[in-house]
Amino acid sequence: PRLGVSLQACLLQIVGYRNLIAEVEKLRREPYDAENLQHEEMLLKLWKCLKPDSPLKARISKQWCEIGFQGDDPKTDFRGMGLLGLYNLVYFAEWDTEIAQQVLSDSLQPKYSYSFAIVGINITDLAYNLLVSGALKTHFYNVAPEAPTLTHFQQTFC
């Protein structure tokens, strides 16, 4: 009986890993759509989490550069990773707001000087490639008692 339970758990993890790849791939392929209210709400949530004391003056604004986007409309920066990049940035900003705000603050220091959002999207790309290549299998098999989920992937991103 224990062998059967162990085998079932292993199979759940293997199938779960494949399902996670499919879910992550779907998000990566979905482009940011400024006409989609859910996409817009997520983007605004990112702003509010990172800059709670600084209201966004307009949806299209140079203020986006303050959190590391390249221009006045962040939607163009999500081209390579689609919604997956936004999902990961929002997860980090919500899951550990203080740390995310500190990392953002550090990114603005001349000593470090990097674009927070762009680096986050690039780290999403790295995590995605590690997932798809299978390099994260052992990690997920150790941290997820059953099937790994998008949350496990996002925690890996963080």
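The values are calculated or read from the model by the stated rules, or taken from the named source; none is laboratory data. Source: prediction; values computed, not measured. Cβ: placed from backbone, ideal geometry, glycine included. Neighbour counts: every protein chain shown.
Pick from the stretch 26-58 the residues that are in contact with a helix residue (DSSP H, G or I) (Cβ under 7 Å, 6 or more places away or on another chain) and among the basic types (Lys, Arg): which of them is farthest from Phe153 (Cα to Cα)?
Lys57
With respect to the numbered conditions (1) crowded, with 16+ Cβ neighbours inside 10 Å; (2) modelled with pLDDT under 95, which one is the sole condition not fulfilled by Leu20?
(2)
Would you call Glu41 out of contact with any strand residue (DSSP E or B) (no Cβ under 7 Å at 6 or more places or on another chain) and either among the aliphatic types (A, V, I, L, M) or under 29 Å from Lys137 (Cα atoms) (or both)?
no
Can you name the residue in the stretch 57-78 that is surrounded by fewer than 16 Cβ atoms within 10 Å (Cβ to Cβ) and hydrophobic (A, V, I, L, M, F, W, C) and is also farthest from Ile121 (Cα to Cα) among such residues?
Residue satisfying both the conditions and the ranking: Ala58.
List pairs: first in the stretch 86-97 and at pLDDT 95 or above, second among the aromatic types (Phe, Trp, Tyr) and crowded, with 22+ Cβ neighbours inside 10 Å, Cβ under 6 Å, 6+ apart or cross-chain?
Between residues of the stretch 86-97 that are at pLDDT 95 or above and residues that are among the aromatic types (Phe, Trp, Tyr) and crowded, with 22+ Cβ neighbours inside 10 Å, the close pairs are Leu86/Phe78.
Specify the residue that is farthest from Thr124 (Cα to Cα); the eligible residues are those in the stretch 44-56 that are aliphatic (A, V, I, L, M) and surrounded by fewer than 21 Cβ atoms within 10 Å (Cβ to Cβ).
The qualifying residue farthest from Thr124 (Cα to Cα) is Leu56.
Pick from Gln102, Gln109: which is assigned to a helix (DSSP H, G or I) and either exposed (fewer than 12 other Cβ atoms within 10 Å of the Cβ) or touching a helix residue (DSSP H, G or I) at 6+ places or on another chain (Cβ under 9 Å) (or both)?
Checking each option against the conditions leaves just Gln102.
Every residue in the stretch 124-156 that is in contact with a Leu (Cβ under 8 Å, 6 or more places away or on another chain) and among the hydrophobic types (A, V, I, L, M, F, W, C), please.
Ala127, Leu130, Leu131, Leu136, Phe140, Ala147, Leu150, Phe153
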